[in-house]
Amino acid sequence: MKNEAVKPDWSIVKDSWIWNNIRDSKPKVHWHKLLWFPLHIPKHSIIAWMAVLDRLPSKDRLSCMGITTDTSCKLCDNRQESRSYLFFSFPFSASVWSWVFKLAYCKNKSRNGKRNLLGP
């Protein structure tokens, strides 16, 4: 008689149970529906989510990780490449945000749009 290991019955384990037990559950942020809506494009939602969390591989972050030493923006060679610069301070980005604020009839058309969009 062989000593056989007991095999678990995986048919009774639900994937939702596994997911709920391995993830770090946090409350939803107030802006989640801007990114995660029924017809979202996953690639765009993930990039926007990473941008909001400041997790995009911009040169300032890569420099902190020791991956690169050149942190200058390749689009203008004028400033350090960071999420804030690329999305809000870069001249083209600033003009896009100005247009978006005008289109949305926002009263605050200043360059403090980052603070309004991403919180304090």
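Values quoted throughout were computed directly from the atomic coordinates according to the rules given, and no laboratory measurement underlies them. Just so it is clear, the model here is predicted, and its values are computed rather than measured. Don't worry about glycine lacking a Cβ; one is built from the backbone with ideal geometry, like all the others, and counts go over all protein chains shown.
Give me the net charge of Trp49's neighbourhood, meaning all other residues with Cβ under 13 Å from the Cβ of Trp49; Lys, Arg count +1, Asp, Glu -1.
+4
For the stretch 65-75, in order, what is each residue's ³J(HN,Hα) by Karplus, 6.51 cos²θ - 1.76 cosθ + 1.60 with θ = phi - 60°, in whole Hz (x at glycine and Pro)?
Those phi angles translate into 8, x, 8, 9, 10, 8, 9, 6, 5, 6, 6 Hz.
Tell me, what are the semi-axes, in whole angstrom and largest first, of the equivalent ellipsoid of the stretch 25-79 as set by the roots of 5 times the Cα gyration tensor eigenvalues?
Numbers: eigenvalues 170, 38, 17 Å².
Over the Cα atoms of the stretch 25-79, the ellipsoid semi-axes are 29, 14, 9 Å.
Divide the volume of the convex hull of the Cα atoms of the stretch 10-49 by its number of residues and quote the answer in cubic angstrom per residue. Display every interim value, and only then the final one.
Numbers: hull volume 4.7 nm³, N = 40.
Residue-normalised Cα hull volume stands at 118 Å³.
Excluding Leu62 itself, calculate the net charge of residues whose Cβ lies under 15 Å from the Cβ of Leu62, where each Lys or Arg counts +1 and each Asp or Glu counts -1.
Cβ neighbours under 15 Å give a net charge of +1.
Eigenvalues of the Cα gyration tensor times 5, then square-rooted: what semi-axes does that give for the stretch 49-101, in whole angstrom, largest first?
With the √(5λ) rule applied to the stretch 49-101, the semi-axes are 22, 14, 5 Å.
Cβ neighbours within 10 Å, averaged per peptide: list 20-33, 74-87 in order, most packed at the top. Each step should come with its number before you reach the end.
Values: 20-33: 8.6, 74-87: 15.2.
In descending order of packing, they fall as 74-87, 20-33.
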